[in-house]
Amino acid sequence: MRPADRRNRSGQGGRSGQGGRSRLRSLWERCWEGLRPLDPNRSVKAALGALVIATVAITTLLTIIALHSSIELRVIALLAVIASLLVTQFVAHGLAAPLDEMTDAARSMARGDYTRRVRVERRDELGELADTFNRMAADLEAADRHRKELVANVSHELRTPIAALRAVLENVVDGVSDADPVTMDTALKQTERLGSLVEHLLDLSRLDNGVVPLRTRRFTVWPYLSGVLKEANMTKGEGRSRTDVHLHLDVQPPELAAYADTERLHQVVANLIDNAVKHSPPYGRVTVRARSGQAPTSLRLEVLDEGPGIPEADRERVFERFGRSAAAKSGDGGTGLGLAIARWAVDLHGGRIRVAESPRGCRILVTLPGSTSDPEAT
Ligand SMILES: Nc1ncnc2c1ncn2[C@@H]1O[C@H](COP(=O)(O)OP(=O)(O)OP(=O)(O)O)[C@@H](O)[C@H]1O
Ligand SMILES: [Mg+2]
C-alpha cells in the first residue's frame, strides 16, 4: 500500500472514530439534559431529595443488618441517627456556605467595600444567586467609582474659573488694577463661565446614560482661541506666578473655521495650556497651533511647550483619571484629572487626543472631525 493510501485510510478511520465519539458525546449530553433536574449539583431541590434518599437508604441498610445479625436494634437505631445527621450536616453545609459568604459580602458592601466577591463553585440555584450577587457587586463598585470621579471632576473644573475670578478681584482690592469696565467684564465672564460649568457638570452626571448633549456650532478659530489664550494669560500657573511663560497663537489660514461645542473645546484647550505652562522652563514658550484637518471644518489643534515632555511609557496613562506621569513632580498641585476631562470632551466630538512625537518638550495633538452636514463646509 502506498503511503498516501495509508494516510487516507488512517485519516478516514480517525474521522469515523471522531464521528462516533461526537455521537456518543451528544447522546450523553441529551441524557444528561433529561437527568439534570435530578443532579444534586444542579438543583437545591434535587440535593434535598438526595439527602432524604440517602438517610432512608442508610436506615434501611442498618435495619437489614440488624435483622441478620446479633447487634441490638437500639445500637443500630443510634448508628442510623448518627449517620443521617452526618449526611444532613454535609449537605446542609454545602447549601449554607454560599449563603454565609453572601451575607459576609453584603455586610462588607454596607460598610462601603464593593470589592468583595462570592466564590461559589455550585451550578444550582445558589450558584446562580452568587453569580447575580457578584454582578450586582461589580455594578455597584463601578457606580461608586463613577460617583467619586464625578465629585473630583466637579471640584477640578470649578477651581479654574474661581481662581481667575479671585485673581481679578484681588488685583482690584490691592489696587494693582482699577475696577474699570474692562476688569469687571473679565470678572463677569468668569462668573458666567462658572454658571455654565455648573450646567455642564449636570450634563456630566447624565454621562452614564450616554445622553450628554453637544451644542456644536461653526466658529472662526482665531478669535475663539485668542479669547481662550487671553483667559489663560490671566490665570497662568494658577497663583504660582508663571508670568515668564509666553503664550503664542498660530492659526493657519487666519480665517480657519471649525465645528465643535465651544464650551467643551474650551475645557480641552484651557487644560492643555495649563499643563504646558506648568511644565515650561523659565521664560519658555507655549504654542497653540491650529490647522485644518483633512475634512472641511475638521480641526487639527496642537499645544506645544519646551518642558521635559511626557515619557513614551506614560503617554496613555496620563489620559486616565488620576494618571500622572512618572516624571511629574510630586506636590505640583495637579490632581491628574485635566487630561482625562480633555479626552472625555474630545471623545464626545468623535475626535482624538494624544501625545504626539516632538523633538523638544511636549506636543499634544487634538483632531476634531468637524461636521459633514455643515452647508458652509463645502
Ligand atoms: N505639557 C506637559 N509636559 C509634561 N508632562 C505633562 C504635560 N501635560 C501633562 N503632563 C503629565 O500628565 C499628567 C496628567 O496631566 P493632567 O492635566 O491630567 O493632570 P495634572 O496637570 O497633574 O492635574 P490637573 O490638570 O488636574 O491640575 C501630569 O501629572 C503630568 O505628569
Ligand atoms: Mg493638568
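May I ask you to verify whether residue 217 is open to solvent by 60 Å² or more (accessible area, probe 1.4 Å), at pLDDT 95 or above and away from ligand 1 (no atom under 16 Å from the Cβ)? Full working, then the answer.
Working: open to solvent by 60 Å² or more (accessible area, probe 1.4 Å): yes; at pLDDT 95 or above: no; away from ligand 1 (no atom under 16 Å from the Cβ): yes.
No.
Which condition from (1) surrounded by fewer than 10 Cβ atoms within 10 Å (Cβ to Cβ); (2) modelled with pLDDT of 80 or more; (3) charged (D, E, K, R) is the one that residue 121 breaks?
(2) is the only condition that residue 121 fails.
For the range 66-80, enumerate the residues that are exposed (fewer than 13 other Cβ atoms within 10 Å of the Cβ) and part of a helix (DSSP H, G or I). Even if it seems obvious, please write down each step before you answer.
Looking only at the range 66-80, we keep the residues that are exposed (fewer than 13 other Cβ atoms within 10 Å of the Cβ), and these are 67-70, 72-75, 78.
Scanning the range 66-80 gives 67, 73, 74, 75, 78.
For the range 96-114, which residues satisfy the criterion of being open to solvent by 90 Å² or more (accessible area, probe 1.4 Å) and not in a helix (DSSP H, G or I)?
111
Please tell me if residue 135 is out of contact with any Ser or Thr (no Cβ under 9 Å at 6 or more places or on another chain) and among the basic types (Lys, Arg). Quick ask: steps written out before the conclusion?
On the way: out of contact with any Ser or Thr (no Cβ under 9 Å at 6 or more places or on another chain): yes; among the basic types (Lys, Arg): yes.
It is true that residue 135 is out of contact with any Ser or Thr (no Cβ under 9 Å at 6 or more places or on another chain) and among the basic types (Lys, Arg).
Here's a check for you: in the range 133-154, which residue that is surrounded by fewer than 12 Cβ atoms within 10 Å (Cβ to Cβ) and more than 14 Å from the chain's Cα centre (by Cα) is nearest to residue 193 (Cα to Cα)?
Looking at residues that are surrounded by fewer than 12 Cβ atoms within 10 Å (Cβ to Cβ) and more than 14 Å from the chain's Cα centre (by Cα), I get 151.
What tally of residues in the range 161-183 results from selecting those that are assigned to a helix (DSSP H, G or I) and open to solvent by 70 Å² or more (accessible area, probe 1.4 Å)? Outline the logic, then answer.
The first filter runs over the range 161-183 and keeps only residues assigned to a helix (DSSP H, G or I), leaving 161-173, 181-183.
Applying the additional criterion that residues be open to solvent by 70 Å² or more (accessible area, probe 1.4 Å) yields 162, 166, 169-170, 173, 181-182.
Going through the range 161-183 one residue at a time, the tally reaches 7.
Scan the range 274-312 for residues that are under 28 Å from the mean Cα position of the chain (by Cα) and within 16 Å of ligand 2 (Cβ to nearest atom) and jot them down.
Within the range 274-312, 274, 275, 276, 278, 279, 303, 309, 310 meet the criteria.
For the range 263-300, what are the residues that are more than 16 Å from ligand 1 (Cβ to nearest atom), in contact (Cβ under 8 Å) with a residue 60 or more places away in the chain and either over 16 Å from residue 225 (Cα atoms) or open to solvent by 40 Å² or more (accessible area, probe 1.4 Å) (or both)?
Once the filter is applied, which keeps residues that are more than 16 Å from ligand 1 (Cβ to nearest atom), in contact (Cβ under 8 Å) with a residue 60 or more places away in the chain and either over 16 Å from residue 225 (Cα atoms) or open to solvent by 40 Å² or more (accessible area, probe 1.4 Å) (or both), the range 263-300 yields 263, 293, 295, 296, 300.
The values are calculated or read from the model by the stated rules, or taken from the named source; none is laboratory data. All values derive from a computational prediction rather than experimental measurement. We place every Cβ from the backbone using ideal geometry, glycine too, and count neighbours over all the protein chains shown. For accessibility, only protein heavy atoms count, side chains too; no ligands or nucleic acids. Shrake-Rupley method; radii C 1.70, N 1.55, O 1.52, S 1.80 Å.
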